[in-house]
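Below you'll find the structure, written out as structure tokens, and then a few comments.
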Amino acid sequence: MEPHRLSKQDACRLAVRAQLLDAGRPGFVAEVVDELTVLNIDPTNAIAPSEDHILWSRLGGGYEHAHLQAASETDKTVFEYDGMYRAIADLPLYRAIMRRPLRYQQARDWMTANAAFRRDILSRLADAGPLRTSDIPDTAQRPWGSTGWTNNRNVTQMLELLVRLGEVAIAGRSGRERWWDLAERWYPSGLPEVDDADVDRLRDERRLQSLGIARARQTEVPLERMDVGAAGEPAEVDGVPGSWRVDPVGLDELSRPFEGRTALLSPFDRLVFDRARAQELFGFEYVLEMYKPAAKRRWGYFALPVLHGDALIGKLDAKADRRAGVLRVFAAHRDTEWSARQASDVAAEITTLAEWLGLELADAE
């Protein structure tokens with residue numbers, strides 16, 4: 001079919017609506033996770049943990065972390081897998097992936113060498129699960145070797161590989177520590193099975209629904225892909241080279257008047273996580289600078305992208321100083337000249353953020 005022709009503004013509105021960042025807020029955690037398909041987990045607490053920040057930016061000030069815990073541990077409308085919360089309706093897709101062999105030879109060889117360790121963990125979970133990581137002794141025959149932080153973290157590594165293989169499930173968290181149980185006991189029963197041949201296509205379709213507009217193929221981003229293969233319909237965006245794929249439902253919604261709002265986003269938010277896409281569609285340049293020396297930062301340690309309506313207009317350099325009980329705002333970096341309305345709306349959202357965090361608003365000294 002002939003590609004749809006989109007203005008940049010329409011492309012941005014597709015993306016904003018798909019990510020539930022227009023004026024019509026969703027009502028509960030499960031709805032957000034189902035629409036976004038993934039909810040990134042990251043403990044960086046300069047403002048709030050990523051999963052909480054992303055949910056607050058959609059649900060508003062009434063959101064509490066207990067709501068996510070209830071959805072995950074009690075209602076089981078979401079589940080944790082591979083560093084993200086995901087909608088339970090998508091579990092059949094991931095169960096199909098779990099049936100596939102481990103991707104890396106190192107992991108396959110290590111599992112073979114630690115067959116007794118694997119049996120020991122599964123036996124302990126069968127007898128006494130759910131168990132915390134710290135409840136499970138390390139009986140590995142061969143330690144896990146890595147140049148990174150996972151080196152010799154044998155219990156955690158085995159549990160994560162068993163989750164990947166569908167034998168173990170993450171059954172909740174106490175703070176940042178995870179609880180583990182047998183997958184057959186934790187995951188809901190009675191869900192349909194998905195044929196392995198259909199998994200990648202269905203995941204591409206789900207991903208496009210959550211993004212609104214995406215490239216068919218591109219360089220991988222960390223954690224979760226953001227390209228969509230042949231899903232959706234072809235499109236071209238005025239002033240942007242190359243072709244895109246668009247969600248047909250999102251295209252239909254362009255006929256409705258767009259009503260936006262102001263949001264202070266997590267750097268891990270899916271609207272901006274694909275930095276190349278944010279640059280191409282929104283003209284928004286962003287780099288997470290927490291790993292840079294302070295003298296080389298342009299926008300701050302953990303600058304929050306600022307969304308206003310259908311535009312990304314700047315970055316907020318702020319920090320939650322919980323010891324002092326204040327939210328410190330160091331700078332509001334403006335990508336363009338802000339109107340009086342934009343400045344007022346951003347200031348109001350900063351106040352709302354402080355209230356949600358339970359902090360007073362104070363400028364940094």
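The values are calculated or read from the model by the stated rules, or taken from the named source; none is laboratory data. A quick note: this is a predicted structure, and the numbers were derived from the prediction, not measured. All Cβ positions, glycine included, derive from the backbone under ideal geometry; neighbour counts span all protein chains shown. Keep in mind that these areas ignore ligands, DNA and RNA; they rest on the heavy atoms of the full protein, side chains included. Shrake-Rupley method; radii C 1.70, N 1.55, O 1.52, S 1.80 Å.
Among the listed pairs 8/315; 76/319; 296/319, which have their C-alpha atoms separated by more than 25 angstrom in this model? Don't skip to the end; give the middle numbers.
Numbers: 8/315 21 Å; 76/319 33 Å; 296/319 18 Å.
Over 25 Å Cα-Cα: 76/319.
Which residues in region 77-91 place their backbone N less than 18 Å from a point set 7 Å from the Cα of residue 249 along the Cα-to-Cβ direction?
78, 86-91
Please build a GNM for the chain, connecting alpha carbons under 10 Å apart, and tell me which residue among 52, 238, 310 fluctuates the most.
238
Leaving out ligands, DNA and RNA, what percent of the accessible area of region 1-61 is carbon and sulfur, probe 1.4 Å?
Details: 950 of 2070 Å².
Carbon and sulfur together cover 46 percent of it.
Taking amide H positions as placed 1.01 Å from N in the peptide plane, with prolines and chain starts having none, which residues 5 or more places from residue 262, or on another chain, fall under 5 Å of its amide H?
309
Where a ≥ b ≥ c are the square roots of the eigenvalues of the C-alpha gyration tensor, would you call region 78-226 rounded, which needs a/c under 1.5, or, failing that, prolate if a/b is larger than b/c, or oblate?
It is prolate, given that a/c is not under 1.5 and a/b is the larger ratio.
Assuming 1.306 mPa s and 10 °C, estimate D for region 212-308 with Stokes-Einstein, Rh taken as the Kirkwood radius over Cα pairs, in µm²/s.
Rounded to a whole number, D works out at 104 µm²/s.
Using DSSP to define loop residues, name the GluC sites (Glu not before Pro) in region 283-347 whose beta-carbon has at most 13 other beta-carbon atoms within 10 Å.
Filter output for region 283-347: 285, 337.
Using a Förster radius of 45 Å, what is the FRET efficiency between residue 156 and residue 89 based on their Cβ-Cβ separation? Nearest 0.05, please.
The computed FRET efficiency comes out at 0.95.
Assuming R0 = 30 Å, what is the FRET efficiency of residue 330 and residue 279, from their Cβ-Cβ distance, to the nearest 0.05?
With R0 = 30 Å, the Cβ-Cβ based efficiency is 0.80.
Ratio of alpha-carbon Rg to the 2.2 N^0.38 Å globular estimate for region 305-353, to two decimals, please.
With N residues counted in region 305-353, Rg over 2.2 N^0.38 Å equals 1.20.
Per the 1.4 Å probe, what fraction of the accessible area of region 269-322, in percent, lies on carbon and sulfur atoms?
Carbon-and-sulfur percentage of accessible area, whole number: 53.
So what's the chain giving for Cα Rg divided by 2.2 N^0.38 Å, two decimals?
1.05
Considering only protein heavy atoms and a 1.4 Å probe, what is the carbon-and-sulfur percentage of the accessible area of region 185-239?
Numbers: 1390 of 2860 Å².
Here carbon and sulfur together make up 49 percent of the probe-accessible area.
Do the sum for the chain: with -39,500 (n - 2.57) for every DSSP H run of n ≥ 4, divided by all residues, what is the mean residue ellipticity at 222 nm, to the nearest 500 deg cm²/dmol?
Computed ellipticity for the chain at 222 nm equals -10500 deg cm²/dmol.
Just in region 226-273: which GluC sites (Glu not before Pro) are loop by DSSP and have at most 15 other Cβ atoms within 10 Å?
The qualifying sites are 259.
Taking region 183-283, which trypsin sites (Lys or Arg not before Pro) meet the DSSP loop condition and have no more than 12 other C-beta atoms within 10 Å? Numbers along the way, then the final one.
Values: sites: 185, 201, 203, 206, 207, 215, 217, 225, 245, 261, 270, 275, 277; in loops: 215, 217, 225, 261.
Counting only loop positions with at most 12 other Cβ atoms within 10 Å, the trypsin sites (Lys or Arg not before Pro) in region 183-283 are 217.
May I ask you to rank 292, 319, 76 by accessible area, largest first, using a 1.4 Å probe over the protein chains only?
Highest to lowest solvent-accessible surface, that is 319, 292, 76.
I need the phi-derived Karplus couplings for region 21-27: 6.51 cos²θ - 1.76 cosθ + 1.60, θ = phi - 60°, integer Hz, Gly and Pro marked x.
My calculation for region 21-27 gives 10, 8, 5, x, 6, x, x Hz in order.
Residues of region 34-63 with amide nitrogen under 20 Å from the 7 Å Cα-to-Cβ point of residue 321?
In region 34-63, the label zone of residue 321 (backbone N under 20 Å from the point 7 Å along Cα→Cβ) covers 45-49.
So what is the accessible area of the chain per residue, in Å², with the probe set to 1.4 Å?
Here the residues of the chain average 46 Å² of exposed surface.
Net charge around residue 197, counting only other residues with Cβ within less than 14 Å of its Cβ (Lys, Arg = +1; Asp, Glu = -1)?
Combined, the nearby Lys, Arg, Asp and Glu give -2.
Rounded to the nearest 10 Å², what accessible area does residue 104 have for a 1.4 Å probe in the complete protein model?
Residue 104 exposes around 140 Å² with every protein chain in place.
If you plug each phi of region 297-304 into the Karplus form 6.51 cos²θ - 1.76 cosθ + 1.60 with θ = phi - 60°, what whole-Hz ³J(HN,Hα) values come out, in order, with x for Gly and Pro?
Taking θ as phi minus 60°, the curve returns 7, 8, 10, x, 4, 9, 5, 8 Hz for region 297-304.
Quick one: go through region 99-113 and flag any residue whose amide nitrogen is under 11 Å from the point 7 Å out along the Cα-to-Cβ line of residue 142.
106-113
Top mean-square fluctuation among 108, 323, 100, Gaussian network model of the chain, C-alpha springs under 10 Å?
323
Determine Rg/Rh for region 251-295; Rg is computed over alpha-carbon atoms and Rh is the Kirkwood hydrodynamic estimate from the same atoms.
1.10
Can you send over the solvent-accessible area of residue 290, 1.4 Å probe, protein chains only, in Å² to the nearest 10?
30
Which percent, nearest 5, of DSSP beta bridges in region 232-365 are antiparallel?
Once the DSSP bridges in region 232-365 are tallied, antiparallel ones form about 85 percent.
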